[in-house]
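Read through the structure below, which is laid out as structure tokens, and then see the notes.
The values are calculated or read from the model by the stated rules, or taken from the named source; none is laboratory data. The structure presented is a predicted model; accordingly, all values stated were derived computationally and were not measured. FYI the Cβ positions are ideal-geometry reconstructions off the backbone, even for glycines, and counts take in every protein chain you see. Accessible surface areas use protein heavy atoms only, side chains included; no ligands, DNA or RNA. Shrake-Rupley method; radii C 1.70, N 1.55, O 1.52, S 1.80 Å.
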Amino acid sequence: MRKFICLLVIIILSAPVFGSEGAEAAAAEKPEPIEYIVYDVHKHIDNSDNILLALGGLSIGAGAGILANSNPLTVGIGIQSILWGMGETAFGVYKKNWAVSESDDEKARTLLVEAAGKHILIDLAFVAAGSLMLILGDEALKGHGAGIMIHGTALAILNTVNFVIASNPGEVRGWGAGINVYIAAVPVKF
């Protein structure tokens, strides 16, 4: 009886060793899944709104920190950071909660391209106005000009990225604007 129990214990303990060869062979036959990235304009808009909200919050916090300085140049930058941050946050909250979203994907993408293109021009006008204030203004006006220029540049970058992604929806790999879809090919044995 002891021999039988010992043999049974050896078989039970060695089963995972013998079974692992079969598992390795099955894993070697299983192909890697194929990844497709599908552009989703609504996810893109949602990500853009999240970035705008983050930019607004960061601007308010940075502006409050900058206002602690008594230098007129940095006080102007701080005031502009807070004002722009409040505007960006308010616009982001409105877009996420109350703005009407286009249900047709292609029309939503076209509207995004058009809006981003218009906003790029407006943002570049802010950069130009801030640059003029920075060059031609007194010490306090220079700070406000620098703040306007900084935020116009940040928004121009955001809108340019949105424009490029929405204009080329086939090239969304790596931009975070698509949905990853994995399709696993399953081998069939006959």
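Here are the numbers:
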item	result
Filtered residues of the stretch 117-139 (kept if in a helix (DSSP H, G or I) and over 31 Å from the mean Cα position of the chain (by Cα))	LEU132, MET133, LEU134, ILE135, LEU136, GLU139
Close pairs from the stretch 92-120: first on the phi < 0 side of the Ramachandran plot and in contact (Cβ under 8 Å) with a residue 40 or more places away in the chain, partner surrounded by 11 or more Cβ atoms within 10 Å (Cβ to Cβ) and among the polar types (S, T, N, Q), Cβ under 6 Å, at least 6 apart	VAL113/SER167; ALA116/ASN159; ALA116/ASN162; HIS119/ASN159; ILE120/ASN159; ILE120/THR160
Exclusive hit being over 30 Å from GLY170 (Cα atoms), small (Gly, Ala, Ser) and open to solvent by 70 Å² or more (accessible area, probe 1.4 Å), set SER70, SER81	SER70
Pick from the stretch 135-154, criterion in contact (Cβ under 8 Å) with a residue 40 or more places away in the chain and among the aliphatic types (A, V, I, L, M), ranking: surrounded by the most Cβ atoms within 10 Å (Cβ to Cβ)	ILE148
Residue match in the stretch 123-132 (condition: under 17 Å from PHE163 (Cα atoms) and crowded, with 18+ Cβ neighbours inside 10 Å)	yes
